[in-house]
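The values are calculated or read from the model by the stated rules, or taken from the named source; none is laboratory data. Remember, predicted model here, so these are calculated numbers, not experimental data. Please note: Cβ atoms are built from the backbone with ideal geometry, for glycine as well, and neighbour counts cover all protein chains shown. Ligands, DNA and RNA are excluded from the accessible area calculation, which covers all protein heavy atoms including side chains. Shrake-Rupley method; radii C 1.70, N 1.55, O 1.52, S 1.80 Å.
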Amino acid sequence: MLSRRQALTVSAAGLVGGALGRDSLAAAGIMDGGWSPGRIPFGACVRIDPLQKEPDYRTAFKTYCQQLTPEGGLFWIYLRPTPAAFRFDFADGVLAFAAANGMTMRGHTLVWYGAMPEWTKGIEGAANAEREMTAHIEQVVSRYRDKIKTWHVVNEPIDDSKGNVPGLRPSVWLHSLGDRYIDLAFRTAHRVDPAAELILNEYDIECADGTSPKKREALRQLIHNLLDRGVPLHGVGLQGHIRGKYQIDRDGVFDFVAEMRSLGLSVHVTELDVVDNDLPGPIAVRDAIVAARAHDFLEPIFAAARPEIIATWGITDRYTWVPMWYKRRDGLPNRPLPLDADYRPKPLWSVIDYFCNK
Ligand code: XIL
């Protein structure tokens, strides 16, 4: 295991000298089984096509990760092409790869407004919505009982913009069931797998500007309300899709995480990446800002509570959702993730590695 001094040296070297080489990582004992008790696990989401086809992609997860998340295999749009069908091949493929390589898998996600198949627009009325949602959760959670120990039960419940304190985000579930759809999702998941750790997962709570301050407050209030109603909520997931152009609200993040911990919730960094479309083009500058933003996000989290996991949304800049929404105007490829498109570790990896060793 890395001593704290070694970890500091490694991470400082990475930050100053740019990407760490595989050799230095191996020498430091943090590759290929270098994980040891005491180190916070690192995870990433996985796409099934390159996992099946590209050895380098597989090697990256084996080298760095202790936990995987299927990137879209548990989205309704993939899993439920028709009301009757459940297509588990993607998630099963990631699970098999994880298990074969000593990694666990987390579940993302059971209830989300996004990535819904067309047919769900036809779900009308509270009784139908309740039936559809509970049947889905029963099928999926029971299939992976004992295999998936942590579920992002409800993803992104807070609306982005409306009002001083935003309300819940519109979805087929909110429309048909009202606020109680969140209670129903958690209670159902808990009934099906009482041992599973159940997470509420949200993004955009960390920035000092933009919509973050409002969303953070709305999420706080929602969590208090859920706990007051006795909903089996065990942890909060901070996605951490950091908007690179904003500073991190370090005090705000600290206060939020400390409050979550005081409520008895576990804290998870679930989808870290740095959205770099507005950052300067030169790679060294951009990578340094990306790493600094992640540092400024993780530092107050760790000051307030020890998170269960640091997970990024993808592992390599070769495969990232960021350009789908945040393409750069200068046409340069985005660089939001810990490894570059050729699988070389970037300064962001050094930051993550430093915190995993804390
Ligand atoms: C994204 C996937 O990465 C894309 O492939 C898909 O097209 C849309 O969803 N927050 C989340 C993730 O919780 O599920 C999203 O994933 C990215 C933002």
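For the stretch 112-122, state whether one or more residues are crowded, with 19+ Cβ neighbours inside 10 Å and either under 25 Å from Leu339 (Cβ atoms) or not aromatic (Phe, Trp, Tyr) (or both). Checked the stretch 112-122: no residue is crowded, with 19+ Cβ neighbours inside 10 Å and either under 25 Å from Leu339 (Cβ atoms) or not aromatic (Phe, Trp, Tyr) (or both).
Per the conditions (1) within 17 Å of Met105 (Cα to Cα); (2) away from the ligand (no atom under 16 Å from the Cβ), the sole criterion not satisfied by His152 is (2).
If only residues of the stretch 146-183 that are assigned to a loop (DSSP other than H, G, I, E, B) and of a type in the set (Lys, Arg) are counted, the one that is surrounded by the most Cβ atoms within 10 Å (Cβ to Cβ) is Arg169. Within the stretch 42-56, is even one residue part of a helix (DSSP H, G or I), crowded, with 18+ Cβ neighbours inside 10 Å and within 16 Å of the ligand (Cβ to nearest atom)? Among the residues of the stretch 42-56, at least one is part of a helix (DSSP H, G or I), crowded, with 18+ Cβ neighbours inside 10 Å and within 16 Å of the ligand (Cβ to nearest atom), which makes the answer yes.
Number of residues in the stretch 264-276 that are over 12 Å from Ala304 (Cβ atoms) and either away from the ligand (no atom under 16 Å from the Cβ) or acidic (Asp, Glu) (or both): the value is 5. The number of residues in the stretch 184-215 being buried (at least 23 other Cβ atoms within 10 Å of the Cβ) and in contact with a Gly (Cβ under 6 Å, 6 or more places away or on another chain) comes to 1. Residue-level check: of (1) buried (at least 20 other Cβ atoms within 10 Å of the Cβ); (2) at pLDDT 95 or above, Leu25 misses just (2). Among the criteria (1) open to solvent by less than 50 Å² (accessible area, probe 1.4 Å); (2) over 17 Å from Arg145 (Cα atoms); (3) under 19 Å from the mean Cα position of the chain (by Cα); (4) within 16 Å of the ligand (Cβ to nearest atom), the one Ala91 does not fulfil is (2). Quick check on my filter: what residues within the stretch 326-343 are touching a strand residue (DSSP E or B) at 6+ places or on another chain (Cβ under 9 Å) and in contact (Cβ under 8 Å) with a residue 40 or more places away in the chain? Of everything in the stretch 326-343, those that are touching a strand residue (DSSP E or B) at 6+ places or on another chain (Cβ under 9 Å) and in contact (Cβ under 8 Å) with a residue 40 or more places away in the chain turn out to be Tyr326, Asn334, Arg335, Pro336, Leu337, Pro338, Leu339, Asp340, Tyr343. In the set (1) within 16 Å of the ligand (Cβ to nearest atom); (2) modelled with pLDDT of 95 or more; (3) in contact with a helix residue (DSSP H, G or I) (Cβ under 8 Å, 6 or more places away or on another chain), the condition left unmet by Asp160 is number (2).
Matching residues to (1) outside any loop (DSSP other than H, G, I, E, B); (2) surrounded by 15 or more Cβ atoms within 10 Å (Cβ to Cβ); (3) away from the ligand (no atom under 16 Å from the Cβ):
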residue: Leu68; (1), (2), (3): yes, yes, no
residue: Pro81; (1), (2), (3): no, no, no
residue: Ala84; (1), (2), (3): no, no, yes
residue: Leu95; (1), (2), (3): yes, yes, yes
residue: Arg106; (1), (2), (3): yes, yes, no
residue: Val141; (1), (2), (3): yes, yes, yes
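For the stretch 234-254, does any single residue satisfy the condition of being closer than 24 Å to Ile182 by Cα, within 16 Å of the ligand (Cβ to nearest atom), among the small types (Gly, Ala, Ser) and touching a Leu at 6+ places or on another chain (Cβ under 6 Å)? Checked the stretch 234-254: at least one residue is closer than 24 Å to Ile182 by Cα, within 16 Å of the ligand (Cβ to nearest atom), among the small types (Gly, Ala, Ser) and touching a Leu at 6+ places or on another chain (Cβ under 6 Å). Among residues of the stretch 293-323 being hydrophobic (A, V, I, L, M, F, W, C) and out of contact with any strand residue (DSSP E or B) (no Cβ under 9 Å at 6 or more places or on another chain), the one that is surrounded by the most Cβ atoms within 10 Å (Cβ to Cβ) is Phe302.
For Arg286, state whether it is open to solvent by 50 Å² or more (accessible area, probe 1.4 Å) and not hydrophobic (A, V, I, L, M, F, W, C). Taking the combined requirement at face value, the residue does not satisfy it. For the stretch 304-325, a residue qualifies if it is assigned to a loop (DSSP other than H, G, I, E, B) and more than 11 Å from the ligand (Cβ to nearest atom), and the qualifying residues are Ala305, Arg306, Pro307, Glu308, Ile309, Ile315, Asp317, Arg318. Taking the numbered list (1) surrounded by fewer than 23 Cβ atoms within 10 Å (Cβ to Cβ); (2) in contact with a Ser or Thr (Cβ under 6 Å, 6 or more places away or on another chain) in turn, Ala258 passes all entries but (2).
Okay, residues lined up against (1) among the charged types (D, E, K, R); (2) under 23 Å from Val153 (Cα atoms); (3) free of Cβ contacts under 8 Å to residues at least 24 places away in the same chain:
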residue	(1), (2), (3)
Leu219	no, yes, no
Ala258	no, yes, no
Thr270	no, yes, no
Ala291	no, no, no
Ile301	no, yes, no
Ala304	no, no, no
Ala311	no, yes, no
Pro323	no, no, yes
